[in-house]
Amino acid sequence: MPAKKPSRNTIDGKIHVIRKGLAVYKVHVSPYYRVRVWVPSEGRYLVKSTKTLSKISAIDAAEEYLAELRQRKFVDAVPKSRLFSTYADKLIDRQRRLAADGEIHPKQATNDESILLGEGGVVPFFGKRDVRTIRSKDITAYLDHLRKGRSKKLASSILNKKLIALRKVLKIAYEEGVLASVPDTPSLSRQDPRLIRQCGTGAPLTNDQSSSRINIDPSSAR
């Protein structure tokens, strides 16, 4: 039986690691080396063709590409004070205190914690991101990630709960002056009935309305 032909995009040979987060390699679809750079603020790799057949030249091209990215301050490690996960932890701690003081129902605190940290949660997706780099398109990408590969469609109410928890985290970063504004969240085809009840109409919440309603108690930013 003939050997199975490798996929065009599978790696051809070895990955040559130059240093942590920087490597060159080839794939079957192209004769040229590619450079791969890990970007902590994005939680992903950037990949670019070096347009060279030589490993030595590819390594030089990789170093130049990394230097270019560093000059643009694109690959610097994200300080803890700007990590999304830092503000998610602050939200969890805040809501635990509010629940202990009887200001919110304990179930609300545990539900939000599960939405943030559980499978398909907000933190596994955004946790290592610089909170200042999160845009509306990234939130849309998160929703697409949740929908991808599912045999059964996720209910809009579930997606809305995740968006509410996400906005709560971003609002803490806004309150602390890290964000100039909270990015808009995409509208869903069906609205969460809780949002409709809070707003009093079937119209989508505006940015200001949503921000004010997810802030359980203005005095909670203590």
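The table below gives the values:
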{"quantity": "Compactness of the range 103-173, expressed as Rg and Dmax over alpha-carbon positions, Å", "calculated": "12.5, 39"}
{"quantity": "Other-chain or far-sequence residues with amide H under 5 Å of Leu179's (modelled H)", "calculated": "Tyr174"}
{"quantity": "Cross-link table Lys90/Lys168; Lys26/Lys51; Lys107/Lys168; Lys107/Lys128; Lys107/Lys148; Lys137/Lys162, entries beyond 21 Å C-alpha to C-alpha", "calculated": "Lys107/Lys128; Lys107/Lys148"}
{"quantity": "Around Thr140: net Lys/Arg minus Asp/Glu count, Cβ-Cβ under 15 Å", "calculated": "+4"}
{"quantity": "Karplus 3J(HN,Hα) series, Hz, for the range 10-22 with 6.51 cos²θ - 1.76 cosθ + 1.60 (x for Gly, Pro)", "calculated": "6, 5, 9, x, 9, 8, 9, 7, 7, 7, 4, x, 9"}
{"quantity": "Rg/Rh ratio calculated on Cα atoms of the range 16-71 (Kirkwood radius)", "calculated": "0.95"}
{"quantity": "Two-site label geometry, Glu68 and Arg96: point separation in nm, points 7 Å out along Cα→Cβ", "calculated": "4.6"}
{"quantity": "Likely footprinting exposure, Ile15, Ile92, fewest C-beta neighbours within 10 Å first", "calculated": "Ile15, Ile92"}
{"quantity": "Placed amide H near Leu154: partners under 5 Å, 5+ positions off or other chain", "calculated": "none"}
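Rule-based calculations on the coordinates, nothing more; no lab input. Note that the structure is a prediction, hence the values are computed from the model and not measured. As a convention, Cβ positions derive from the backbone with ideal geometry for all residues, glycine included, and neighbour counts pool all protein chains shown.
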